[in-house]
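The block underneath contains the structure these notes are about, expressed in structure tokens.
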Amino acid sequence: MNSRNLKRAMNLASVLLTGSMLASCAQTSAPTSSQPAPAPIVQAAPPPPMASIQPSQPGAASGQYEEPPVINVGDLLPASALSGPGFTVQPQVPTNGAMGQYTIVADPSVFHDDAGTYYVESLDLLKIRLSEIPAIAQLDSMSTTGVYAKALASSAVRPVTAAGNMIMHPMDTVTGLPGGVGDLFGRVSMGAGEIASSATNSFGSGKAAGQAGNATLTALGYDQMRRQLAEQLHVDPYSSDPILTKKLNHVAWVMFSARMTVNVAMMAVPGSIIISGVEITNDLVYQTPRADLIILVQKKLKSFGLSQEEIVAFSTNTAIPLSLQVTAVKDLEALGNIPGRRAAAVAIGNTMTEYQARFLVTSLHMLVQWGQQNSPITRLYAPGVLVARDQNGATILPAPVDYLSWTQRIAGFATDPNLMAMHNRVLLISGRMTPLARQQLTANGWNVRETQ
């Protein structure tokens, strides 16, 4: 693939990623605060007025295209996943040619002051958010028990000895993290010292140390308690969901302060409603201290050839949750030392939103699976989206989209002369597509392969 082809391929990146500029979960009715939230939240405009699916227009051959349809969420997810205690998912889903915008209505019975309407872009992140709701409900239920009330009273007065001083630990009402602890200690074990050193002396940024989480809390065991609680709840301990993060931080701190075990605190463990198509947690994420995970990511990126500045950009990018960073470097490692691996890592590190990051990491995972099931990947390109060549000479374009339609930009990419000149072109798609999109892609020589 020459430079011209790569430039042309950026057209698809714009199509697939342009609509993904919302934050991980945008709220319209919950109260705001002067304190920063655990993850950036952008207030989203409501979706466009709902309309029925429009019939397909004639294809690109006649210079006409189809409008991205409004689809029914029931066509993408089972009915059992679309409502439950504390939430409902609105049935109609506007699409933008590639991804859908989903609406979750959070009920006060579970979400209390955080109740409201939330917009989530991409089916993948919707699945993750829905799988987190039982954990949010469980954490809310735990906070009303007598055992928790006793622990809360204990945590409010429990001092921690540090350098001979007795320090109280007030609770930050926004993030749920104890305030005033982080400045009390210097470097501690479990990797935090190495991060602090590398951030100061090598990477030229203090952000790496900050992202490790509070080093003192790791040393005290809070970090371990929080990971154990997340594992029991079947959620990502590094989720960008601000509601889950706030509750998880608060309950974990109370349990840690009162020396309460997870088994004592939890009478029942809820299961996830849905397992996401992208693995967001694994034993490594649950069992490894956060500081050590960051060191792991940084060392892997260095082995891929990234500069110190690129490593900092990747590992401190708040659009890429730490668990997703781990998944990304593990998949890059699985592909082996092939040309373009470094460029793919840099592209992921430069993403602006979690939607973009998950799109590229999912694309990467699809390529790993292709290499395992079909033919090994021998080269990667990162012109915005990821494009690969395999040992058999196939050009593979992974497309983890929700619902592909034959818009002008999709058609412009699919019929680009530079791509048309390439043989054995495979569009690896994980979602659905309109009949017209399928027809036109096939007519233009694309071998459409659907994944489950």
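The values are calculated or read from the model by the stated rules, or taken from the named source; none is laboratory data. Everything numeric here is computed off the predicted structure, so don't read it as measured data. Backbone-built Cβ (ideal geometry, glycine too); neighbour counts: all protein chains shown. These accessible areas exclude ligands, DNA and RNA; they are computed on the full protein's heavy atoms, side chains included. Shrake-Rupley method; radii C 1.70, N 1.55, O 1.52, S 1.80 Å.
When the stretch 365-403 is filtered for residues that are among the charged types (D, E, K, R) and either crowded, with 19+ Cβ neighbours inside 10 Å or free of Cβ contacts under 8 Å to residues at least 12 places away in the same chain (or both), the ones remaining, listed by number, are ARG389, ASP390, ASP402.
Given the structure, is MET260 at pLDDT below 95, in contact with a helix residue (DSSP H, G or I) (Cβ under 6 Å, 6 or more places away or on another chain), more than 30 Å from ALA79 (Cα to Cα) and assigned to a loop (DSSP other than H, G, I, E, B)? When the stated conditions are applied, MET260 passes them. What's the number of the only condition in (1) under 23 Å from SER122 (Cβ atoms); (2) aliphatic (A, V, I, L, M); (3) open to solvent by less than 20 Å² (accessible area, probe 1.4 Å); (4) modelled with pLDDT of 90 or more that LEU301 fails to meet? That leaves (1) as the condition not met. The single condition among (1) within 22 Å of GLY221 (Cα to Cα); (2) touching an Asp or Glu at 6+ places or on another chain (Cβ under 9 Å); (3) surrounded by fewer than 20 Cβ atoms within 10 Å (Cβ to Cβ); (4) not β-branched (Val, Ile, Thr) that ALA291 does not satisfy is (3). Scanning the stretch 367-405 for residues that are under 19 Å from the mean Cα position of the chain (by Cα) and at pLDDT 95 or above returns LEU367, VAL368. For THR451, the requirement of being surrounded by fewer than 18 Cβ atoms within 10 Å (Cβ to Cβ), in contact with a helix residue (DSSP H, G or I) (Cβ under 9 Å, 6 or more places away or on another chain) and closer than 19 Å to HIS365 by Cβ is met.
Suppose the filter is charged (D, E, K, R) and surrounded by fewer than 22 Cβ atoms within 10 Å (Cβ to Cβ); does ASP124 pass it? The answer is no for ASP124. Taken as a whole, the condition of being more than 21 Å from LEU125 (Cβ to Cβ) and touching a helix residue (DSSP H, G or I) at 6+ places or on another chain (Cβ under 7 Å) does not apply to ILE338. Within the bounds of the stretch 433-443, is there any residue that is among the small types (Gly, Ala, Ser) and open to solvent by 10 Å² or more (accessible area, probe 1.4 Å)? Yes, the stretch 433-443 has at least one match.
Please find, within the stretch 99-118, the residue that is modelled with the lowest pLDDT out of those that are open to solvent by less than 20 Å² (accessible area, probe 1.4 Å) and under 18 Å from the mean Cα position of the chain (by Cα). If we take residues in the stretch 99-118 being open to solvent by less than 20 Å² (accessible area, probe 1.4 Å) and under 18 Å from the mean Cα position of the chain (by Cα), then MET99 is modelled with the lowest pLDDT. Hey, does the stretch 404-422 have a residue that's open to solvent by 40 Å² or more (accessible area, probe 1.4 Å) and touching a strand residue (DSSP E or B) at 6+ places or on another chain (Cβ under 9 Å)? The answer is no; no qualifying residue exists.
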